[in-house]
Amino acid sequence: MSKKLLAAALILAAVTTPAIVAEAALSLDARYDSGVQNEDGGTTEIVAYNPHTHATYIVNGETKKIEAISLNYTKDEAMTLKPFLSIDIAKTIATFDQTFEYGDLTSITVHPKENVIAVSVQAKGYNTAGYAVVLTGDGKLLGATKVGIQPDNITFTTDGTKLLTANEGEPREGYGADIVDPKGSISVIDTANSFDALTAETLFFEAFDTAEKRAELVADNVILKKNTNASEDLEPEYIAVNEASTMAYVALQENNAVATIDLTSNEVVSVKGLGFKDHSKPGNEIDLMKDGKIEIKNENYFGIYMPDGMATVTINGKDYLVTANEGDGREWGEEESENIHLNEIETDEEIVTYDTSGYDGFVEGQDYIFGARSFAIFDAETMDVVFDSGSDFETMTAQHHPEHFNASNTNVKLDNRSGKKGPEPEDVKIGKVGGEIFAYIGLERIGGVMMYNITKPASAKFVDYLNLRDFSDDIKGDVSPEGMAIITKDDKPQLIVGHEVSGTVTVLNVMDDPIAFKDVENHPYKDAIANVTKRGLFKGVNETTFAPNKPFSRSHAALVLYRLAGTPASNTTNFNDIKASATEDAVSWAVENQFISPLNNKVFGAAKPITREEFAVAVYNELKAAGQITAAEAPVYTDDVDISAHAKEAVASLKAVGIMSGTNNEFHPKQSLTRAQAAVVLDKLLK
């Protein structure tokens, strides 16, 4: 790899916390393959975890049934999971309503305290009320009730006392004088006492139809079709309930807004716009050109958040809303095509933009694109942005899959989705591991799951990206994550991911707490050791021993720096003392880029301890190649005379930025670096 390409790779990795792909936080544990693929999606689309039976339920859009898969599998069974239960919802509804014309099974949820599930079902008619159906975990009918039109999402409140549906009410036949645009709504069902006599209280948005209220929505950048009542144009997509079960937050995706429902009074208390993302600002870079190359840069466009999946989390007593900012066009009516919609135009550069002429809520003179290619954390009370992942998703996918960057979920062509919505974040789930809080975001187009630590919402950090798609064919492996679910078992937290195009469901292992190494319990560098171990840079010498004072070898130094850089490609250099392929790649990279010098052309010196000054030079050169550090040349230690001439700048520079220093004003350049000392430096690089 040339120095120029290396610098580009390192800058790519340095946009956020560096990507660590070995010993990663996410890994495959099990898979179910339905055997049915569909490039239009809708196969194994929505998943829900049942903690009462340790099983996952899957909405199968092809069979129109609910399938249940036990997660009590053995290691030999992990790649060949099979359903133990299939529930035909159409037949179930026919037992109590033979007049209902079944349309689509859209969502499923599990009661938090009982072995009970609930599903939402849309009618065949676009202007006909749907159903919420409640069943036992093994599929026996408990109760059902009509809800609003086109229920798309269903969820129990956190305490299980209420069941909610988001009823989209889309004008699926298009707009026109003789076509009804159904009213969007939220249905609230009391489940506190029983499930056998359910009734729904359906909440509408008529209160926002007055001229004054509509003007307030528009001023807050809520997107509304001109000359249309808010009650008809607001379209609920997804519901997230806070931990106290007092508030529900409803995504109004096409409107770029969120409605807040007070669950103590079953009242819509607000509809707030989410604003726009300025892609001209540093950190919000984007690849907007479908030109067959990766070019992530600032553009003079504004992204419309338009979240699909959402989740809530309470941190230090404050509620936050976490959103997957997909973007969505109003693709209704027979005249619509793949790329040109009533509210979209396509320029010669193949950039799909929003045609704002028929809509209120935009700022005149600005150009808008669908989605924000990110996940965001909002203050749930004010809907102010607390954190946005910026350009991370495109940066990380470019780093991991440069030949298939911004591919679609129906083909693996480079740059195929750059002009439309990029990786298209679809869903987000929140899970806790020990004392840490993590967000998992599925990317619908290129595929894979992003993982972030959001324990401190305003400074959320990238942790890992796992993509199990096989890019050797257009649809192979696990393609197009749609719904996800968290397995909350303390001994083994996991993530379930449903892939709607490939028809597969994966069970992913989620990073455990750092191993409690017995020999570092009272070590002054305990926290640094825990962090680099958790982040997968390196392990202990065994499950209970870290060996903090053991020398750090030259090959190990190459390996951790290689992981920190995101494992960039390099030309293989064969050394007689390197056997493992992963280590060979790392050493080849370190030697090719002159970070660590071999002993000679045939021997790297893999097992030889790396000295403190050698490690300082390697770290400094890596940062310098990426333009991440400024040289400092003044002598800084009393033993400066012992520091090799070629290492003085590196040692001084790392001390100046607080990454690596000595003790008692001495650097001890020729001493072997210990594993604990390496952990301290790496921990500072991660931070």
Review point. Do we have any residue at all in the range 537-560 that's surrounded by fewer than 19 Cβ atoms within 10 Å (Cβ to Cβ), closer than 25 Å to Val463 by Cβ and of a type in the set (Lys, Arg)?
Key: yes
Review point. How about the range 71-108: which of its residues are within 17 Å of Val505 (Cβ to Cβ) and crowded, with 16+ Cβ neighbours inside 10 Å?
Key: Leu71, Tyr73, Leu81, Pro83, Leu85, Ile87, Leu105, Ser107, Ile108
Check your understanding: Among the residues of the range 203-212, is any open to solvent by less than 80 Å² (accessible area, probe 1.4 Å), within 34 Å of the chain's Cα centre (by Cα), of a type outside the set (A, V, I, L, M) and within 16 Å of Gly361 (Cβ to Cβ)?
Key -> yes
Exercise for review: Scan the range 606-622 residue by residue and report those that are open to solvent by 20 Å² or more (accessible area, probe 1.4 Å) and in contact (Cβ under 8 Å) with a residue 60 or more places away in the chain.
Suggested key: Pro609, Thr611, Glu614
Review point. Does the range 321-329 include one or more residues that are more than 19 Å from the chain's Cα centre (by Cα) and either at pLDDT 95 or above or small (Gly, Ala, Ser) (or both)?
Key: yes
Review point. Could we say that Asp233 is surrounded by 13 or more Cβ atoms within 10 Å (Cβ to Cβ), touching a helix residue (DSSP H, G or I) at 6+ places or on another chain (Cβ under 8 Å), modelled with pLDDT of 95 or more and under 29 Å from Ala118 (Cα atoms) here?
Key: yes
Point to revise | Selection within the range 384-399 - open to solvent by 10 Å² or more (accessible area, probe 1.4 Å) and more than 16 Å from Ser459 (Cα to Cα) | key: Gln399
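Which ones in the range 50-67 are in a loop (DSSP other than H, G, I, E, B) and either buried (at least 19 other Cβ atoms within 10 Å of the Cβ) or of a type in the set (A, V, I, L, M, F, W, C) (or both)?
Hit for the range 50-67 is Gly61, nothing else.
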Practice item. Hey, can you tell me all the residues within the range 213-228 that are open to solvent by 10 Å² or more (accessible area, probe 1.4 Å), among the β-branched types (Val, Ile, Thr) and assigned to a loop (DSSP other than H, G, I, E, B)? Key: Thr228
Check your understanding: Which of the following residues is of a type in the set (D, E, K, R), open to solvent by 40 Å² or more (accessible area, probe 1.4 Å), out of contact with any Ser or Thr (no Cβ under 7 Å at 6 or more places or on another chain) and over 23 Å from Asn38 (Cα atoms): Asp470, Asp491?
Key -> Asp491
**Study point:** Some residue of the range 236-255 being of a type in the set (Asp, Glu) and free of Cβ contacts under 8 Å to residues at least 60 places away in the same chain
**Key:** no
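Taking the range 582-607, which residues are over 30 Å from the mean Cα position of the chain (by Cα) and either charged (D, E, K, R) or at pLDDT below 85 (or both)?
Here is the first cut: in the range 582-607, the residues over 30 Å from the mean Cα position of the chain (by Cα) are 584, 587-588, 590-607.
Glu584, Glu592, Lys602 - these are the residues of the range 582-607 that are over 30 Å from the mean Cα position of the chain (by Cα) and either charged (D, E, K, R) or at pLDDT below 85 (or both).
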Revision key, fill the gap. Among Ile629, Ile610, the single one that is of a type in the set (A, V, I, L, M, F, W, C) and within 20 Å of Ser672 (Cβ to Cβ) is Ile610
Review point. Before we move on, is Asn300 of a type in the set (S, T, N, Q) and within 15 Å of Phe205 (Cβ to Cβ)?
Key: no
Practice item. Test Gly143 against the stated conditions and say whether it is over 30 Å from the mean Cα position of the chain (by Cα), over 18 Å from Lys225 (Cβ atoms) and modelled with pLDDT under 95. Key: no
Study note, to complete from the structure: With the first residue restricted to the range 59-83 and required to be among the acidic types (Asp, Glu), and the second required to be modelled with pLDDT of 95 or more, Cβ contacts under 6 Å at 6 or more apart or on different chains are Glu67/Ile58; Glu67/Pro83; Glu67/Ser86
Review point. Among the residues of the range 172-202 satisfying the criterion of being within 19 Å of Asn153 (Cα to Cα) and surrounded by fewer than 15 Cβ atoms within 10 Å (Cβ to Cβ), which is modelled with the lowest pLDDT?
Key: Thr199
Check your understanding: Looking at the range 644-660, is at least one residue in contact (Cβ under 8 Å) with a residue 60 or more places away in the chain, buried (at least 21 other Cβ atoms within 10 Å of the Cβ) and aliphatic (A, V, I, L, M)?
Key -> no
Check your understanding: How many residues, within the range 213-256, are β-branched (Val, Ile, Thr) and within 24 Å of the chain's Cα centre (by Cα)?
Key -> 3
Review point. Got at least one residue in the range 498-505 being open to solvent by less than 10 Å² (accessible area, probe 1.4 Å), of a type in the set (Val, Ile, Thr) and not in a loop (DSSP other than H, G, I, E, B)?
Key: yes
Study note, to complete from the structure: Scanning the range 623-643 for residues that are of a type in the set (A, V, I, L, M, F, W, C) and in a loop (DSSP other than H, G, I, E, B), the one surrounded by the most Cβ atoms within 10 Å (Cβ to Cβ) turns out to be Ile643
Review point. If you check Phe100, Phe156, Phe96, which single one turns out to be under 34 Å from the mean Cα position of the chain (by Cα) and aromatic (Phe, Trp, Tyr)?
Key: Phe156
Exercise for review: Give the range 661-679 a look and list any residue that's more than 15 Å from His556 (Cβ to Cβ) and either of a type outside the set (D, E, K, R) or open to solvent by less than 10 Å² (accessible area, probe 1.4 Å) (or both), or say none.
Suggested key: Ser661, Gly662, Thr663, Asn664, Asn665, Phe667, His668, Pro669, Gln671
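Restricting to the range 119-152, name every residue that is of a type in the set (Phe, Trp, Tyr) and open to solvent by less than 30 Å² (accessible area, probe 1.4 Å).
Tyr131
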Check your understanding: For Ile154, all conditions in the list (1) outside any strand (DSSP E or B); (2) on the phi < 0 side of the Ramachandran plot hold save one; what is the number of the exception?
Key -> (1)
Study note, to complete from the structure: Exactly one of Ser581, Ser597 is of a type in the set (Gly, Ala, Ser), open to solvent by 50 Å² or more (accessible area, probe 1.4 Å) and under 26 Å from Thr533 (Cβ atoms), and that one is Ser581
Check your understanding: What about Glu426, is it within 19 Å of the chain's Cα centre (by Cα) and assigned to a strand (DSSP E or B)?
Key -> yes
Exercise for review: Specify the residue that is surrounded by the most Cβ atoms within 10 Å (Cβ to Cβ); the eligible residues are those in the range 157-171 that are part of a loop (DSSP other than H, G, I, E, B) and touching a strand residue (DSSP E or B) at 6+ places or on another chain (Cβ under 6 Å).
Suggested key: Gly169
Practice item. Could you tell me whether any residue of the range 407-420 is closer than 19 Å to His499 by Cα, polar (S, T, N, Q), open to solvent by 20 Å² or more (accessible area, probe 1.4 Å) and in a loop (DSSP other than H, G, I, E, B)? Key: yes
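The values are calculated or read from the model by the stated rules, or taken from the named source; none is laboratory data. Just so it is clear, the structure is predicted and the values come from calculations on it, not from any experiment. Glycine gets a Cβ as well: all are built from the backbone with ideal geometry, and neighbour counts include every protein chain shown. SASA here: full protein model, heavy atoms, side chains in, ligands and nucleic acids out. Shrake-Rupley method; radii C 1.70, N 1.55, O 1.52, S 1.80 Å.
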